[in-house]
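Contents: one structure, followed by commentary.
Computed from the coordinates by the stated procedures, all read-outs in this text should not be read as laboratory data. The structure displayed is predicted, hence computed values, not measured ones. Cβ placement follows ideal geometry from the backbone for every residue including glycine, while neighbour counts extend to all protein chains displayed.
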Amino acid sequence: MRVAIVGGGIGGMTLALSLRDAGIEDVQVYESTSTVNELGVGINVLPHAVRELTELGLLEDLYGIGIPTAELVYYSRHGQRIWGEPRGLAAGYRWPQLSVHRGELLGVLCRVVLERLGPGRVHTGHHLVRFGQEEGGPVWGEFVDRATSTSAGRVEADLLVACDGVHSVVRRTLYPDEGPPRWNGITMWRALTVGEPFLSGRTMMMAGHFRRRMVIYPISKRHEDQGRALINWVAELKTADDQPMPRQDWEHTARLEDVLEPFASYTFDFLDVPGLIRGAEVIYQYPMVDRDPLPTWNFGRVTLLGDAAHPMYPVGSNGASQAILDARILARELALQPSIEAAVAGYDAQRRPATAMVVQANRQVGPEQCMEIVEQRAPDGFTNLDDIVSQQELEDISRAYKRTAGFDPETLNGRPSLSVR
Ligand SMILES: Cc1cc2nc3c(=O)[nH]c(=O)nc-3n(C[C@H](O)[C@H](O)[C@H](O)COP(=O)(O)OP(=O)(O)OC[C@H]3O[C@@H](n4cnc5c(N)ncnc54)[C@H](O)[C@@H]3O)c2cc1C
């Protein structure tokens with residue numbers, strides 16, 4: 001079986017490794033950029049996805065780059081603690097939650113793809129522009145090298161998997177009337193700052209509420225080994241509804257002043273957020289977008305995976321994790337089902353409804369609902385949290401989201417492996 005993977009991001013690379021692990025060797029990855037760019041800032045891989053990467057033999061590599069997140073703590077915009085919970089191993093999972101640099105994670109995945117599948121399997125400078133399917137026959141794709149604006153050729157395969165991200169060409173071709181991703185009016189500024197470790201040193205924290213929120217966590221083992229912290233932060237601000245959507249480009253940078261002003265009051269005794277913002281070398285700007293869930297990803301010998309299939313708000317740390325799960329289940333179906341068509345149908349039946357639920361839950365602000373409740377009920381701060389919201393209510397919010405996103409500890413620890421061998 002020849003599989004053409006379009007897009008060498010987190011989802012595409014994990015699919016290549018998962019297919020090989022499932023005994024499917026004829027796999028080619030076609031990546032638009034001229035090198036596999038180790039771009040981005042921090043990203044979280046939740047225990048259900050770390051389990052999959054562990055079963056692919058990558059845990060040691062991940063420990064070598066990232067931070068096993070030990071706790072997640074929510075604060076109000078006044079820096080008052082609302083809810084905290086252990087995470088990863090500390091929460092009883094058999095696998096850690098890992099905070100890593102997206103580029104370093106991609107670097108690990110790409111290196112292992114080249115080692116295991118052989119060099120020459122990752123074709124950079126291949127931007128898919130067109131694809132089609134012969135009646136009862138193979139799928140074809142045509143590529144251009146964007147750097148030179150020249151043709152990069154035409155390839156044939158038995159299955160084409162679109163892992164080409166939020167601006168997927170394949171999705172646009174299959175759903176030509178869909179239009180651009182939906183913006184919820186929130187601008188996200190992302191950056192890295194080297195600083196002192198804060199709270200437990202392995203804490204992920206959020207402060208504020210959905211319209212003015214900070215998400216902060218350390219992501220680098222190398223910095224931790226030196227007694228320092230490479231701190232990933234995301235500042236999110238909801239602007240007026242009539243503002244135009246910022247450019248959707250992962251390399252679009254922002255001005256320091258624009259980010260500092262809305263978070264000037266976020267000076268907490270455990271962390272000086274304006275200081276953190278000032279310490280960044282470069283700040284990236286991106287709109288918070290998603291898309292409506294699709295009626296099908298099942299196009300016979302063409303299907304979608306990761307952000308191409310289900311772009312979601314980065315709420316609850318699920319984007320990369322859901323792409324990794326997609327990859328593992330698609331590979332498993334291809335190995336076990338009698339035909340490619342049956343495998344794609346099985347993958348669609350399992351993953352499309354599951355990810356649609358996460359997209360919808362993230363629109364309802366996911367587990368971060370606790371911050372909304374406190375902002376609504378006690379905008380000026382509280383003396384006693386129990387007067388505002390009960391511990392039970394907070395616990396229910398946390399547990400419900402984990403169930404929706406498929407990573408409550410009991411289910412995850414107890415379910416059989418997705419590995420074929
Ligand atoms: C440069 C970059 C930086 C990012 N930084 C962050 C970050 O800091 N934090 C975060 O949470 N998320 C980040 N993301 C998004 C995050 O990686 C995804 O949300 C998630 O990991 C799902 O992965 P994916 O493989 O579906 O998509 P992506 O990781 O976005 O990968 C899609 C890949 O497809 C390639 N591609 C696109 N179009 C074509 C085409 N027509 N033909 C061939 N290849 C194509 C892209 O170059 C990219 O390599 C970033 C994505 C990119 C592309």
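What list of ³J(HN,Hα) values in whole Hz, one per residue of segment 65-78 in order, does the Karplus curve 6.51 cos²θ - 1.76 cosθ + 1.60 (θ = phi - 60°) give from phi, with Gly and Pro shown as x?
Karplus-based 3J(HN,Hα) across segment 65-78 equals 10, x, 10, x, 5, 9, 8, 10, 10, 9, 10, 7, 6, 8 Hz.
May I ask for the distance between the Cα centers of segment 259-326 and segment 122-175, given as a whole number of Å?
26 Å
For the chain, find the longest principal axis of its Cα atoms and tell me its angle to the long axis of helix 102-117, 0 to 90°, nearest 10.
The two axes meet at around 30 degrees.
Using a 10 Å cut-off around each Cβ, can you sort Asp164, Asp158, Asp290, Asp408 from fewest to most neighbouring Cβ atoms?
Details: Asp164 28, Asp158 15, Asp290 22, Asp408 18.
Ascending number of Cβ neighbours within 10 Å: Asp158, Asp408, Asp290, Asp164.
Treating the angle as unsigned and between 0 and 90°, give the value, to the nearest 10°, between the Cα long axis of helix 319-336 and the longest Cα principal axis of the chain.
Rounded to the nearest ten degrees, it is 30.
To the nearest 10 degrees, how steeply does helix 10-21 sit against the main Cα axis of the chain, on a 0 to 90 scale?
Approximately 50 degrees, to the nearest ten.
Report the normalised scattering of segment 100-154 as log10 I(q)/I(0) at q = 0.14, 0.26, 0.28 Å⁻¹, calculated by the Debye formula with identical scatterers on the alpha carbons.
-0.57, -0.94, -0.96
Report the gain in length on full extension from Asp292 to Gln248: 0.36 nm times residue separation, minus Cα-Cα distance, nm rounded to one decimal.
Gain on stretching Asp292 to Gln248: 14.1 nm.
Just the Cα atoms of segment 26-140, one point each, no solvent: what log10 I(q)/I(0) does Debye give at q = 0.20 Å⁻¹?
-1.10
Over segment 83-210, what is the relative contact order in percent, taking alpha-carbon pairs closer than 8 angstrom and at least six residues apart?
Dividing the mean separation by the residue count of segment 83-210 yields 11 percent.
Considering segment 177-330, what Rg and Dmax in Å follow from its alpha-carbon atoms?
17.6, 56
Through the Karplus equation 6.51 cos²θ - 1.76 cosθ + 1.60, θ set to phi - 60°, convert the phi angles of segment 45-52 into ³J(HN,Hα) values in whole Hz; use x for Gly and Pro.
Taking θ as phi minus 60°, the curve returns 10, 7, x, 5, 7, 5, 4, 5 Hz for segment 45-52.
Please compute one quarter of the surface area of the Cα convex hull for segment 15-57 and express it in square nanometres.
That works out to 4.2 nm², a quarter of the Cα hull's surface.
Explain nothing, just compute: Karplus ³J(HN,Hα) = 6.51 cos²θ - 1.76 cosθ + 1.60, θ = phi - 60°, for every residue of segment 205-213 in order, whole Hz, x for Gly and Pro.
Once rounded to whole Hz, the list reads 10, 10, 9, x, 7, 4, 8, 7, 10.
Kindly provide the pair-distance distribution of the chain built from C-alpha pairs, with 20 Å bins from 0 and whole-percent values in order of increasing distance.
Once binned at 20 Å, the Cα pair distances of the chain give 27, 58, 15, 0.
How would you rank Met312, Met357, going from fewest to most other Cβ atoms within 10 Å of each one's own Cβ?
Met357, Met312
According to a simple spin-label model (label point 7 Å from Cα along Cα-to-Cβ), what is the distance in nm between Asp387 and Arg81?
For Arg81 paired with Asp387, the spin-label model returns 2.0 nm.
Using only alpha-carbon positions, what ratio does the radius of gyration of segment 271-404 give when scaled by 2.2 N^0.38 Å?
Working: Rg = 19.6 Å, N = 134, 2.2 N^0.38 = 14.1 Å.
Dividing the Cα Rg of segment 271-404 by 2.2 N^0.38 Å gives 1.39.
Can you put Leu15, Leu271, Leu385 in order, fewest other beta carbons within 10 Å first?
Fewest-to-most ranking of Leu15, Leu271, Leu385: Leu385, Leu271, Leu15.
Would you mind listing how long segment 204-268 runs along its three principal axes, going by Cα atoms, in whole Å with the largest first?
Its Cα atoms span 46, 29, 20 Å along the three principal axes.
Using a simple charge model, +1 on the beta-carbon of Lys and Arg, -1 on the beta-carbon of Asp and Glu, nothing else, what dipole does the chain show about its Cα centre, in debye to the nearest 20?
Computed charge dipole of the chain: roughly 400 debye.
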